[in-house]
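The values are calculated or read from the model by the stated rules, or taken from the named source; none is laboratory data. Predicted model, so just to flag it, every value in this text is computed and none were measured. Glycine also receives a Cβ, built like all others from the backbone with ideal geometry; neighbour counts cover every protein chain displayed. What goes into the accessible areas is simple: the full protein's heavy atoms, side chains included, and nothing from ligands, DNA or RNA. Shrake-Rupley method; radii C 1.70, N 1.55, O 1.52, S 1.80 Å.
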There are 2 protein chains.
Amino acid sequence: MNESPRRKELIRLAAQLFVQEGFDRTTVRMLAQEMGIKSGSLFHHFKDKQEILAAVIEEGTQNALIIAHQSIEQYPAEPEARLRAMARAHLETLFADRNAHVVALFEWRRLDPAASAHLSHLRDAYEALWVEVIDDALQAGLIHGDRFLVSRFILGALNWTVRWYDPNGPRTPDDLADELVGMIMAR
Amino acid sequence: MNESPRRKELIRLAAQLFVQEGFDRTTVRMLAQEMGIKSGSLFHHFKDKQEILAAVIEEGTQNALIIAHQSIEQYPAEPEARLRAMARAHLETLFADRNAHVVALFEWRRLDPAASAHLSHLRDAYEALWVEVIDDALQAGLIHGDRFLVSRFILGALNWTVRWYDPNGPRTPDDLADELVGMIMAR
DNA sequence: GTCTATAATCGGATAGAC
DNA sequence: GTCTATCCGATTATAGAC
């Protein structure tokens, strides 16, 4: 994979537009303008529009995976801290980390089957990390319920924040993460 | 508003396509074919594609509001039963009730500003119902946290089920609702 | 209320010069 | 690596006959 700084920057700009407008409504002309080139030149960097989407989603998922890993390895044996760290990392990649993860979550369906198959292992690895952390929390008695359902409910609550959370409001993403963990913890 | 059975049926078919393909990727030709007419004829029933979306979203939100109302009024003074009933009603309108509510949740952004302004009172009424039920549960000590955050987290967890829940699998929507309520209830 | 035909525009993508 | 020019299929929407 070509990972030049130039390409990375183009992917960042594309991610921003995809979040603002949605993938389907973002035209190659809009993408080109944002990148400061003409639409014809864009196809020198990417084979087609699909490849841009795949690149953004790969970037977003990989990033989420890396940040989550870094966050929880600080607490090898503290289930509550790990759970909190996962939730914080998730929101950090959604709101502080410039859109690519948001695209990965909300535009995954727009990937063509080949790209989806190629990237699914990344998404699976990220979800596996969640299930692992949830498992620890369950065994420590911090939370209760079915492991898959609990992780999906938590991820759903976190993902949906994209639709209503205002980063310029009074609360930080970390506040949200802590509130969510507090809501589900047994007392 | 024209609410003939014919129109209702067309709205139902449109909702189905919007969920399957997304609003942007659903063409008027696809809509017309599903309705058994030619694309030109479609504009006899709706002014434009936007009006179809607005009609579907109005139908879906109104329906969710009605079902939720009916569900909780059976338990005037039981906070836990009311909370459970709201969660069940939400999933019922998402999965059993033919797609319009899903469109309302996932394609709201595609409404033009005028339609969005016109329909927002419906959405607000539905969310107010949730906050009311959440408030009762908080005061009864069943759950804990900030009223707005709690309701948004719960709605997020429920809405995201659309992305992963398989209605043909072993669990019923009611199972999901009960698991979610169980997860957040203080013990 | 539905049809056919078509206008008008926009979309992704390519070719070839620089 | 970027530009200009352009192809061509698809899309929303309209007009007018039946």
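Yes/no per residue for (1) in contact with a His (Cβ under 9 Å, 6 or more places away or on another chain); (2) open to solvent by less than 30 Å² (accessible area, probe 1.4 Å):
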{"site": "A:59", "(1), (2)": "yes, no"}
{"site": "A:69", "(1), (2)": "no, no"}
{"site": "A:76", "(1), (2)": "no, no"}
{"site": "A:100", "(1), (2)": "no, yes"}
{"site": "A:112", "(1), (2)": "no, no"}
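Under the condition of being in a helix (DSSP H, G or I) and open to solvent by 40 Å² or more (accessible area, probe 1.4 Å), the residues counted in the stretch A:20-34 number 6. Checked across the stretch B:36-58, the condition of being among the hydroxyl-bearing types (Ser, Thr, Tyr), at negative phi and within 15 Å of DNA strand C (Cβ to nearest atom) holds for at least one residue. Checking A:7, A:25, A:29 one by one, the residue that is under 24 Å from residue A:114 (Cβ atoms), out of contact with any Lys or Arg (no Cβ under 7 Å at 6 or more places or on another chain), within 11 Å of DNA strand D (Cβ to nearest atom) and not hydroxyl-bearing (Ser, Thr, Tyr) is A:7 and no other.
Determine whether the stretch B:60-75 contains at least one residue that is within 14 Å of DNA strand D (Cβ to nearest atom) and in contact with an Asp or Glu (Cβ under 8 Å, 6 or more places away or on another chain). Within the stretch B:60-75, not a single residue is within 14 Å of DNA strand D (Cβ to nearest atom) and in contact with an Asp or Glu (Cβ under 8 Å, 6 or more places away or on another chain). On the stretch given as the stretch B:177-187, residues that are more than 7 Å from every other protein chain (Cβ to nearest Cβ), part of a helix (DSSP H, G or I) and aliphatic (A, V, I, L, M) total 2. Look at (1) surrounded by 15 or more Cβ atoms within 10 Å (Cβ to Cβ); (2) away from DNA strand D (no atom under 15 Å from the Cβ) and you find that residue A:96 fails only one, number (1). Scanning the stretch B:155-174 for residues that are within 11 Å of chain A (Cβ to nearest Cβ), in a helix (DSSP H, G or I) and open to solvent by less than 60 Å² (accessible area, probe 1.4 Å) turns up B:155, B:156, B:157, B:158, B:159, B:160, B:161, B:162.
Taking the criterion of being among the charged types (D, E, K, R) and buried (at least 17 other Cβ atoms within 10 Å of the Cβ), the only residue of the stretch A:118-133 that qualifies is A:123. If you go through the stretch A:134-154 and keep only what is closer than 24 Å to residue B:148 by Cα and either open to solvent by 20 Å² or more (accessible area, probe 1.4 Å) or touching a Lys or Arg at 6+ places or on another chain (Cβ under 8 Å) (or both), you end up with A:142, A:144, A:145, A:152. Of all residue pairs spaced 6 or more apart or on separate chains, those with beta-carbon atoms under 8 Å, a first member in the stretch B:1-26 that is aromatic (Phe, Trp, Tyr) and a second member that is open to solvent by less than 10 Å² (accessible area, probe 1.4 Å) and within 16 Å of DNA strand D (Cβ to nearest atom) are B:18/B:26; B:18/B:53; B:18/B:56; B:18/B:103; B:23/B:53; B:23/B:103.
Filtering the stretch A:145-164 for residues that are touching an Asp or Glu at 6+ places or on another chain (Cβ under 8 Å) and among the polar types (S, T, N, Q) leaves a non-empty set.
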